[in-house]
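Inspection log for the structure reproduced underneath, given as structure tokens.
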Amino acid sequence: MIDLEALTGRTFDAVLFDMDGTLIDSMAGSLQAWARWATEHGVDPTHLADLGGRPAAQVVPALLTADRVADALARIEHLENEVAADGIELLPGTVEALAALPPDRVAIVTSCTRTLLAARLAGSRLPRPQEIVTFDDVERGKPAPDPFVLGAQRLGFDPARCLAVEDAPAGLASARAAGCTTLAVGDTHPHDELDADAHAPDLSHVRFTAGPGGITVSPT
């Protein structure tokens, strides 16, 4: 579904992109890593159904006793790093979207740790923006507003003047709480779970244009 009507005629100072499911597809490797982790830790795999947009540091404590959390977090990060170099693909429209935006007007805001981010960037060959916010950079991860607030601050803009592009309910909730306008993309979650101002199947359906008055968004 393409619905960009809420963005028509508006300008933004910057665009804050989620990474996994928005710019790159790392789902296959991530699911493989979490499935192995669940087996090793005696966790029912059905409890992993809603991982999208949530950092491991939020998921693991909800599944294991406190005394097991530290080792389990280290293990899932190791497993995800192992598969990060293989099978990651840039999603349609990613290269064009990043190329259309001035470097000082774009940031990645991700639930990945710094280590996992570096591995996935290397595996995907995704062009690295000047500003990146990871889970390690904030006190509270998505769905709290902290990641998108920090992303806007690092670029020097008010979150209310930024467009957040996300694929997951937790990320969209984070962006809304920060005051950003939201654009939902991707198919990692059912459309009716993506509460956003605008929707597109992927970034190939969206054209970003940067001008003196700011950044505008239109259908391709």
Dimensionless Rg/Rh of the chain - Kirkwood Rh, Rg from C-alpha atoms: 0.97
At 1.4 Å probe radius, can you tell me the per residue accessible area of the chain in Å²? 45 Å²
For a label point 7 angstrom out from the Cα of residue 160 toward its Cβ, which stretches of segment 8-22 have the backbone nitrogen within less than 15 Å? 11-13
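Please give the net charge around residue 214, taking every other residue with its beta carbon less than 15 angstrom from that of residue 214, where Lys and Arg add +1 and Asp and Glu add -1.
Value of the local net charge: +1.
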Between residue 67 and residue 118, Cβ-based FRET efficiency (R0 25 Å, step 0.05) works out to 0.25
Give the relative contact order (percent, whole number) for segment 1-99; include only Cα pairs under 8 Å separated by 6+ residues. 42 percent
Relative contact order for the chain: what percent, with Cα pairs under 8 Å and sequence separation of 6 or more? 31 percent
Below 8 Å between Cα atoms, with a sequence gap of 6+, how large is the relative contact order for segment 86-167 in percent? 28 percent
For residue 187 paired with residue 36, estimate the spin-label separation in nm (one decimal), with each label point 7 Å from Cα along the Cα-to-Cβ line. 2.7 nm
DSSP beta bridge pairing in segment 1-139, given as percent antiparallel to the nearest 5: 20 percent
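The values are calculated or read from the model by the stated rules, or taken from the named source; none is laboratory data. Given the structure is predicted, the values throughout are model-derived calculations rather than measurements. Neighbour counts run over all protein chains shown; Cβ positions are idealised from the backbone, glycine included. Accessible surface is based on the protein model in full, side chains and every heavy atom, while ligands, DNA and RNA are left aside. Shrake-Rupley method; radii C 1.70, N 1.55, O 1.52, S 1.80 Å.
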